[in-house]
Amino acid sequence: MSGTLRTLFLTFLHAFRRRETVQYPEEKPYLPPRYRGRIILSRDPDGEERCVSCNLCAVACPVDCISLQKAETEGRWYPEYFRINFSRCIFCGFCEEACPTYAIQLTPDFEMSEYSRPNLVYEKEDLLISGTGKYPDYNFYRVAGVPVPGKERGESEHERPPVDLHSLLP
Amino acid sequence: MTQPPLLTIILTPLLILALATLLTWVERRLLGLWQDRYGPNRVGPGGLFQAVADGIKLLFKQDWIPPFADKAVFILAPAIGMMTVMLSFAVIPVTARQSIADHLNVGLLFVLAMMSLGVYAVVLAGWASNSKYALLGGMRAAAQMISYEVFMGLSLLGVVMITGSFSLHDIVTAQSGLWFIIPQCAGFVVFLLAGIAETHRLPFDLPEGENELGAGFHTEYSGMKFGMFFLAEYAGIILVSALVTTLYLGGWQGPLLPPVLWFALKTGALVAFFILLRAALPRPRYDQLMALGWKVLLPVSLLNIAATGTVLMLHAPG
């Protein structure tokens, strides 16, 4: 009996507490930079596309919402098309973890409602941003050992020249 | 006894319907307040039109009658629920002048009779739905409401003994010196608990315990028939609050403010208390509910009658 009255009183006191509700459209909550929202494709500091269409993100995706096609120019791979179906995407972030070039990144933005379902399919031009995203100084081709036009093997950052296997000298 | 104006008779049910609709919004806002959130606050000023939006939604829903239901009774049940509650309001004295039949010399008995008839709404709804959960809800409602009917009647006897009248108007005027909540505090508590059980509100809402019975007696109801049960329940809250105000809290009487305002204030506070109960208390088990009724409330109300009778006899002239 006293417990019941105490419960009633304590519940009544809650009338004078602060309300926890965030009044969303007027009052937007702070989203941390690592929030897993809308997916983007970033560019490297030189303004080139980072994506090398290795397909690792599409493989990692548990709901198969990523679709892309490889194309090649002068030994460099880039995606001919890159398509994310956001009506399937579960924003797990596995694609971002799988990406070797930091190209695909999740951003703190979730306001992407549409009236029509096909509008949730984002093409490459919708996904590609002009900046570098979360990794401002990273350029895959400058640190990777792969040779590209303008950079031979062994000229990358933190990379020593390759050993000549045919020489007998140590 | 003067004839009440026709306008009052027409306006009273409309006003009660409007208040019951409004109460759905009030309840959700108050529950929000006590649970540190807002509740509906988007439609109209402060979410006030939420009740209207819900009403429109209910009106435009398909009014479906299950093929296995007993059609006539199925339709009749919500109407009974609404009717009995509405009729009870006829004898409630809002002020000394504003009422339809507050001088009725069996006013209190009339209210009790109407509340007993209200059981039929729930039982028939459960029976006519022809489905197991609805029937279980209806059975529970029958047992609960008939049991609590007993204590409700007994708890009121103290008030009737002091006043010497069943007329609600006389009961209010008898409280001009002292509200009956003080000499009749045991009766007040029993009546309040029985009133909660009669309107099957939380924590005594076992007839519609959603986690075990789907929705209890109104499982098969949809559209405005469900809305009728819903509104009857809220009108029932207003009715019980108004009754408690009339019987124990001195009705319209109070200093300074006009009588209508006093009545509205007391009734409103009790309605808020009803909602606070919902916000705070969990639902008891069914046998606990019955045990509380027969083992606690019945002896208390009987003792209350005995004590009141003894005191009245000792003070009786001659």
So, in nm, how far is label A:Asp64 from label A:Ser113 when the simple model puts each one 7 Å beyond its Cα toward the Cβ? 3.0 nm
Between helix B:71-88 and chain B: long-axis angle, C-alpha atoms, 0 to 90°, nearest 10: 30 degrees
In sequence order, what are the phi-derived ³J(HN,Hα) couplings for the stretch B:270-282 according to the Karplus relation 6.51 cos²θ - 1.76 cosθ + 1.60 with θ = phi - 60°, rounded to whole Hz, with x for glycine and proline? 5, 4, 4, 5, 4, 6, 4, 4, 5, 5, 9, 9, x
Pairwise label distance in nanometres, B:Glu212 with B:Thr310, each label 7 Å out on the Cα-Cβ vector: 3.9 nm
Show me, for the stretch A:76-86, the HN-Hα J-couplings you get by feeding each phi into the Karplus relation (A = 6.51, B = -1.76, C = 1.60, θ = phi - 60°), rounded to Hz, glycine and proline as x. 9, 8, 8, x, 6, 9, 9, 10, 10, 8, 6
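Longer than 21 Å from Cα to Cα, which of B:Lys57/B:Lys132; A:Lys70/A:Lys134; B:Lys57/B:Lys225; B:Lys132/B:Lys295; A:Lys70/A:Lys124 are they? Say none if no pair is.
Details: B:Lys57/B:Lys132 28 Å; A:Lys70/A:Lys134 25 Å; B:Lys57/B:Lys225 13 Å; B:Lys132/B:Lys295 30 Å; A:Lys70/A:Lys124 13 Å.
Beyond 21 Å: B:Lys57/B:Lys132; A:Lys70/A:Lys134; B:Lys132/B:Lys295.
How do B:Val94, B:Val85 rank when sorted from fewest to most other Cβ atoms within 10 Å of their own Cβ? All intermediate terms of the calculation are to be shown ahead of the outcome.
On the way: B:Val94 23, B:Val85 28.
Taking fewest neighbouring Cβ atoms as first place, the list is B:Val94, B:Val85.
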Show the residues, 5+ positions off or on another chain, whose built amide H is closer than 5 Å to the amide H of A:Leu128. A:Leu41
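Between A:Tyr138 and A:Leu120, 0.36 nm times their residue separation minus their Cα-Cα distance comes to what? Display every interim value, and only then the final one.
Working: separation 18, 0.36 × 18 = 6.48 nm, distance 2.97 nm.
This chain segment gains 3.5 nm when fully extended.
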Find the all-direction average of the projected area of the Cα convex hull for the protein assembly as shown, expressing the result in square nanometres with one decimal place. 37.0 nm²
Which of B:Gln98, B:Gln144, B:Gln184 ends up with the largest GNM mean-square fluctuation for chain B, with Cα atoms connected below 10 Å? B:Gln98
Search the structure for amide H atoms under 5 Å from the amide H of A:Val121, placed 1.01 Å from N in the peptide plane, and list their residues when 5 or more places away or on another chain. A:Phe86
Helix B:132-163 sits at what angle to the longest principal axis of chain B, using alpha carbons and giving 0 to 90 degrees rounded to 10? 10 degrees
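For the stretch A:1-92, which GluC sites (Glu not before Pro) pass both filters: DSSP loop (anything but H, G, I, E, B) and at most 16 other C-beta atoms within 10 Å? Display every interim value, and only then the final one.
On the way: sites: A:Glu20, A:Glu26, A:Glu27, A:Glu48, A:Glu49, A:Glu72, A:Glu74, A:Glu80; in loops: A:Glu20, A:Glu26, A:Glu27, A:Glu48, A:Glu74.
The qualifying sites are A:Glu20, A:Glu26, A:Glu27, A:Glu48, A:Glu74.
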Where labels lie 7 Å past Cα in the beta-carbon direction, separation of B:Leu48 and A:Glu80 in nm: 6.4 nm
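Nearest 0.05, what FRET efficiency do B:Trp294 and B:Asn105 give at R0 = 41 Å with Cβ-Cβ as r? Could you put the intermediate results ahead of the total?
Values: r = 32 Å, r/R0 = 0.77.
It comes out at approximately 0.80.
Can you give the FRET efficiency for A:Ala71 and A:Cys92, using 1/(1 + (r/R0)^6), R0 = 35 Å, r = Cβ-Cβ distance, to the nearest 0.05?
On the way: r = 27 Å, r/R0 = 0.78.
It comes out at approximately 0.80.
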Along the Cα-to-C-beta direction of B:Ile182, a point sits 7 Å from the Cα; which residues of the stretch B:249-265 have their amide N less than 13 Å from that point? B:249-250
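I'd like the mean, over residues of B:276-283, of how many other protein chain beta carbons sit within 10 Å of each residue's own Cβ. It would help to have the intermediate numbers written out before the result.
Working: counts 6, 4, 1, 6, 10, 4, 1, 0.
Across the residues of B:276-283, the mean count of other-chain Cβ atoms within 10 Å is 4.
Between A:Val22 and B:Ile56, take the C-beta separation as r, use R0 = 22 Å, and let me know the FRET efficiency to the nearest 0.05. Please list the in-between numbers first.
Working: r = 29 Å, r/R0 = 1.30.
Efficiency, from the Cβ-Cβ distance: 0.15.
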³J(HN,Hα) computed for each position of the stretch B:246-253 - Karplus, 6.51 cos²θ - 1.76 cosθ + 1.60, integer Hz, glycine/proline x: 5, 7, 10, 10, x, x, 7, 7
Note: A:17-25 gets an average of partner chain Cβ contacts (10 Å, Cβ to Cβ) equal to 3
Consider a paramagnetic label point 7 Å from the Cα of B:Ser131 along Cα→Cβ; state which residues of the stretch B:40-81 have an amide N under 15 Å from it. B:62-71, B:74-75
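FYI, it's all coordinate maths here, none of it is from the lab. Not measured: the values here are computed from a predicted model. Using ideal geometry, Cβ is built from the backbone for each residue, glycine included, and neighbour counts are taken over all protein chains shown.
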